[in-house]
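The values are calculated or read from the model by the stated rules, or taken from the named source; none is laboratory data. This structure is a prediction, so every number in the text was calculated from the model and none was measured. Quick reminder, even Gly has a Cβ in these numbers, built from the backbone with ideal geometry, and neighbours come from all protein chains shown. Heads up: the accessible areas ignore ligands, DNA and RNA and are worked out on the full protein's heavy atoms, side chains in. Shrake-Rupley method; radii C 1.70, N 1.55, O 1.52, S 1.80 Å.
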Amino acid sequence: MAVVILLAAMLAALSPTQPQPQPQRLDDFDTLAPWQASASDGVDARIGVAAGALRLDYDFGQVSGYAVARRTLPIEWPPHFLMTVRVRGTGGVNDLQLKFTDATGTNVWWVQKRNFRPSAAWQTIRIRPRDVEFAWGPVTDRTLRATQAIELVVVRGRDGGKGRIEMDDLTFERLPAPVPLPPARASDPRALDGRRDTAARLARPLTIDFGGRRELGGLMLHWAAGGSPPAYAIETSDDGARWAERTRVTRGDGGSDPVRLADTEARYVRIVPLHGAPALEEVEVMPLAWGATPNAMIAALAAKAPRGSYPRGFTEQTYWTLVAADGGAVAGLIGEDGAIEVAKGGFSVEPFVIADGRRFGWADVTARQRLEDGYLPLPHVDWTGPGWALDTALVADQASPRLLARWRLTNTGTTPRHLRLALGIRPFQVNPPAQFLSQQGGVSPISRIAWDGTGLAVTSPPAIAGDPAVTRMLTPLRRPDTVGAVPFDTGALVPTAAIAGGAVVTDPALLATATLAWDVTLAPGGTLDVPMAIGGDAPADFTAATTATADYWRRMLGTVAINAPPGRQAVADTVKTALAHVLMSRDGPALKPGTRSYDRSWIRDGAMMGDTLLRLGHPAPVRAFADWYGTKLFANGKVPCCVDSRGPDPVPENDSQGEYIHLLTQLYRYTGDRAALSRDWPKLDAARRYMEGQRQSERTPANLTPARRMRYGLMPPSISHEGYSAQAQYSLWDDFWALAGYKDAAAAATALARPEAPTIAAQRDEFATDLHAAIAASVKHFGIDFIPGATSMGDFDATSTTMALDPAGESRRLDRTLLANTFARQYARVMARTRPGADWSDYTPYELRNVSALIRLGQAARADDLLVAYMADRRPAAWNGWAEVVGRLPREIRFIGDMPHAWVASDFIRAALDVFAYDRGDDGVVVLGGGLTTAWLTGKGAAIRGLRTRYGGVDLAAQQENGALVYDIGGDAAPPGGFAVAWPLTGRPGTALVDGRPVTPIGGSLPLPRLPAHIVWQAARD
């Protein structure tokens, strides 16, 4: 009877009324009719049919961008599905994407195959629900349910060039919901009984049956103590007959072995002993997410390991700083805990100290960070341990492309001590795993380590399969007493006091480690110095090389000197360090905000860094950047938002044109090089003409209707503001930069006596009128009492509004109430963060621009409050740097961008310089002392020497003497509107003596027609 019932059930399952899922062919590619080709600026794309397959031919030329083949193809997505497509082609390594767009055209899901290397043979891509990610769009429910169109996209990757991609056999299969599997069974049940006091003896393979196909992330094998180290292979099978080897362990050390099996699906897993009969206490089957990436596995291990076993970044937020040469010829990182990253994406050298048989790492000591002289970009990490101290120092040699590290171990006790300094070579970046974009942080694979008696060669596998491996040399100038290199299978990265391993190791798991150790007995106060060259030959004189680099930075950072009272000395020091951060983050002529996550050059960052460098007396890097970026413009005058190794990016960010024009015009203002401006004019004007076309595209009757009036005559919507990445908006950030561009283009045309000057001036004035009308319309439409970030949203974003004041110079035309409300609200937001118990998540220190805005609005005290608040968020404070994102909880893991972030550094510098002097912009007046407060005037007061303005140099010293304000002002600046000297004290300003002659203040400031001047200024008597 049971057989009959079973047979009936089988027949029912196969009957026509219950069909089995079958793959559906979505396109047979026998016609091009549904398909269309498109491409970004400067990229060629053509489609055709080749042997029954869709063919997309592309040519990236010299630009970045993408080539697209697109068709309407409605798809209803069930919870469980399998899509397959076959691809082949020719060309270099680029990114391949399949995109799916909903009916609105604004919400996009995608499958990305980064660094895709096409082949002549067909490759089958399998797409499951977990492979499809939400890319962008305004929708809040990002569940994939229905899409209307599909795109095959080739995105410029490392190689670009010409090529083609063919696509065929696009199928879609609706899958039933997975049936819950029974409990897994092992051929020896003791391996899966959840107990560590029983063990399966592997005299023969141990087989685990999951009762059906299962997704695996890996295994955690717990071996019994004693016996020979286990050696084994891991195999998988779907039918129990045909087996595939997934990995092999030959140098296991017992204990617990994590075995990553990335993206594995199988019914059976078996562990095959290679020799002997090791005892296996327990097998843990790890979920898919555990082994999804090396970072995921390490994070899981670190979460259960004793604190300090792994770098801090895998379990809590960590901070670091850049150590690089001016111009970026070499760029390493050093972490707050003392680990050194040898190159972008490279491995790290991490110190340990063994004292009295105990290993001390970052979690066992008190660490303190510092910079040489308090500001030089030569960082140290000082460890304090029981009776000893360790100083880790790192220098990027300015004379040779190498890093120079030095570890100094000191006996701080009162009796002789035997100590061991151990340097671990570990497959981790200092850049932690939460950081991504241009460079994914976390694990840095190591395939081979070899010690030859004088140096350690560390080999990393290629980032892209098929490329050559990379080998970097570490050369200690003091020979270690012990060297040991081991694979991941021996120790699983957990450091111990003992030094194990040999001189050479090759690791198929790509997680090799090594330890170099120095043993020493130190008298009280005695030191052990271990210098090391990283990535280059050892210098003949290590001390001379580091001293020469320190002297170089003293010269470069000394062009502007700031003296400040003790309460503001950190501001003065941080200005110099921040300048170094800007110079170090460069890549040749390219100004970049970072060297890891933000390893690209943006015109917006470069233009604002350019203003910073010009004010500090460094025009050469700005000229080099402008010349280089000028070669990246598109043929129609469009200025790319950013440029990287792939070329100029075509993504429209409509602030770009104004920023490029501003950059070129500022160079002329600060250098007076009219010939250079004349050479720049064709590109400057091409950018202006492209911008004019954008402006006119929004001066339409449709945009004059009440519901759209806030869009009329503005730059088209774009995603140049980070908050608008989901959906392009009419960002005032774009428009204020565009207005600055029109103003600067008009100024450049006038300086060159160009016939276009009157036309450009008229365009400038018309755009300014449209801009202010759009702001008023947005305020009315959304019922707000501040200047919006985007007129199409009515959102609050004071940091974007700062651009209206500088560089756009529109403070006098903006509605005074709206302007005051905007920055009063921003001030309140920032100060609320400083209150005990404040509840906020994070912010971006681009907000430092608000310091400058408040100074320009005559609110020095509030500006100083903000400056103090932002200074408190340097992390670590002694390294004088900010990340792109600051979190309220310092140890809560988050993406924070590069540390330091050079664009943030330039924002800070301009804010600090504005305290002393700034160009008002709209009337040719330079304001002096506009940000000074009583906090700056204590003791000997504050002074700045060598500060540049567009009209020449300014020196300023200010202090209080006998209740009076004393200014000594010099320099060769000669602004057409003269100077306005601010009154920073409490009470009303009275009559001042300027070089002994009485002068009456006007509107709270003192007019000063020329320099030099000695001013003694008393408060008014009530």
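Some observations on this one:
- Some residue of segment 357-378 being closer than 24 Å to VAL470 by Cα, assigned to a loop (DSSP other than H, G, I, E, B) and open to solvent by 20 Å² or more (accessible area, probe 1.4 Å): no
- Scanning segment 712-745 for residues that are small (Gly, Ala, Ser), more than 30 Å from THR140 (Cβ to Cβ) and crowded, with 24+ Cβ neighbours inside 10 Å returns ALA738, ALA740, GLY741, ALA745.
- Residue within segment 551-560 that is polar (S, T, N, Q), modelled with pLDDT of 95 or more, under 30 Å from VAL915 (Cα atoms) and assigned to a loop (DSSP other than H, G, I, E, B) present: yes
- The residue of segment 43-60 that is least open to solvent (accessible area, probe 1.4 Å), among those that are in a loop (DSSP other than H, G, I, E, B) and modelled with pLDDT under 95, is GLY52.
- Per-region count, segment 656-683, residues under 24 Å from the mean Cα position of the chain (by Cα) and closer than 24 Å to THR949 by Cβ: 3
- Residue pairs meeting the criteria (Cβ under 9 Å; at least 6 apart or on separate chains; first under 30 Å from PHE314 (Cβ atoms), in segment 887-916; second part of a helix (DSSP H, G or I) and of a type in the set (Lys, Arg)): ARG888/ARG833; ARG891/ARG312; TRP903/ARG604
- Scanning segment 585-617 for residues that are open to solvent by 10 Å² or more (accessible area, probe 1.4 Å), in contact (Cβ under 8 Å) with a residue 60 or more places away in the chain and either assigned to a loop (DSSP other than H, G, I, E, B) or in contact with a Phe, Trp or Tyr (Cβ under 6 Å, 6 or more places away or on another chain) (or both) yields ARG586, GLY588, LYS592, THR595, TYR598, ASP599, ARG600, GLY617.
- Residue among ALA199, ALA191, ALA244, ALA300 that alone is aliphatic (A, V, I, L, M) and surrounded by fewer than 16 Cβ atoms within 10 Å (Cβ to Cβ): ALA244
- Filtered residue count, segment 265-297, keeping only those that are open to solvent by less than 20 Å² (accessible area, probe 1.4 Å) and of a type in the set (D, E, K, R): 1
- Among (1) touching a helix residue (DSSP H, G or I) at 6+ places or on another chain (Cβ under 7 Å); (2) part of a helix (DSSP H, G or I); (3) surrounded by fewer than 16 Cβ atoms within 10 Å (Cβ to Cβ) - the single one ALA838 does not satisfy: (2)
- Residue pairs meeting the criteria (Cβ under 6 Å; at least 6 apart or on separate chains; first closer than 17 Å to GLU265 by Cβ and open to solvent by less than 70 Å² (accessible area, probe 1.4 Å), in segment 109-134; second among the β-branched types (Val, Ile, Thr) and at pLDDT 95 or above): ILE125/VAL85; ILE127/VAL111; ASP131/VAL111
- Residues that are crowded, with 19+ Cβ neighbours inside 10 Å, over 24 Å from ASN295 (Cβ atoms) and at pLDDT below 95, drawn from segment 475-501: ILE499, GLY501
- Residues of segment 196-251 that turn out to be small (Gly, Ala, Ser), under 21 Å from LEU301 (Cα atoms) and part of a loop (DSSP other than H, G, I, E, B), as a count: 2
- Listed by first and then second residue, the pairs linking a residue in segment 170-191 that is farther than 30 Å from ARG55 by Cβ and modelled with pLDDT of 95 or more to a residue that is assigned to a helix (DSSP H, G or I) and of a type in the set (A, V, I, L, M, F, W, C), with Cβ atoms under 7 Å apart and 6 or more places separating them unless they lie on different chains, are ALA184/LEU192; ALA186/LEU192.
- For segment 451-464, a residue qualifies if it is in a loop (DSSP other than H, G, I, E, B) and open to solvent by less than 40 Å² (accessible area, probe 1.4 Å), and the qualifying residues are GLY453, GLY455, PRO461, ILE464.
- Contacts under 8 angstrom Cβ, first residue in segment 1006-1018 being over 15 Å from GLY990 (Cβ atoms) and assigned to a loop (DSSP other than H, G, I, E, B), partner among the acidic types (Asp, Glu) and at pLDDT below 95, 6 or more apart: none
- Out of THR101, THR84, sole residue that is more than 30 Å from GLY647 (Cα to Cα) and open to solvent by less than 50 Å² (accessible area, probe 1.4 Å): THR84
- On inspection, LEU889 fails the criterion of being open to solvent by less than 20 Å² (accessible area, probe 1.4 Å) and either farther than 22 Å from THR802 by Cα or not in a loop (DSSP other than H, G, I, E, B) (or both).
- Residues in segment 252-296 that are part of a loop (DSSP other than H, G, I, E, B) and of a type in the set (A, V, I, L, M, F, W, C) were compared, and the one that is farthest from LEU510 (Cα to Cα) is ALA277.
- In segment 331-354, the residues that are in a strand (DSSP E or B) reach residues that are crowded, with 24+ Cβ neighbours inside 10 Å and charged (D, E, K, R) with C-beta atoms within less than 7 angstrom, at least six apart or across chains, in these pairs: GLY332/GLU341; LEU333/GLU341; SER348/GLU341.
- Set LEU947, LEU956, LEU965: member being open to solvent by less than 10 Å² (accessible area, probe 1.4 Å), in contact with a helix residue (DSSP H, G or I) (Cβ under 7 Å, 6 or more places away or on another chain) and part of a strand (DSSP E or B): LEU947
- Listed by first and then second residue, the pairs with beta-carbon distance under 7 Å, at least 6 apart or on different chains, first residue in segment 833-847 and under 15 Å from TYR870 (Cβ atoms), second assigned to a loop (DSSP other than H, G, I, E, B) and among the basic types (Lys, Arg), are TRP840/ARG888; ASP842/ARG888; ASP842/ARG894.
- Here ARG307 meets each of (1) open to solvent by 50 Å² or more (accessible area, probe 1.4 Å); (2) in contact with an Asp or Glu (Cβ under 8 Å, 6 or more places away or on another chain) with one exception, condition (2).
- Residue within segment 438-450 that is at pLDDT below 95 and not in a strand (DSSP E or B) present: yes
- Scanning segment 163-184 for residues that are under 40 Å from the mean Cα position of the chain (by Cα) and surrounded by 14 or more Cβ atoms within 10 Å (Cβ to Cβ) returns GLY163, ARG164, ILE165, GLU166, MET167, ASP168, ASP169, LEU170, THR171, PHE172, GLU173, ARG174.
- ALA514 meets each of the listed conditions (1) under 21 Å from PRO294 (Cα atoms); (2) modelled with pLDDT under 95; (3) in contact with a strand residue (DSSP E or B) (Cβ under 6 Å, 6 or more places away or on another chain) apart from (2).
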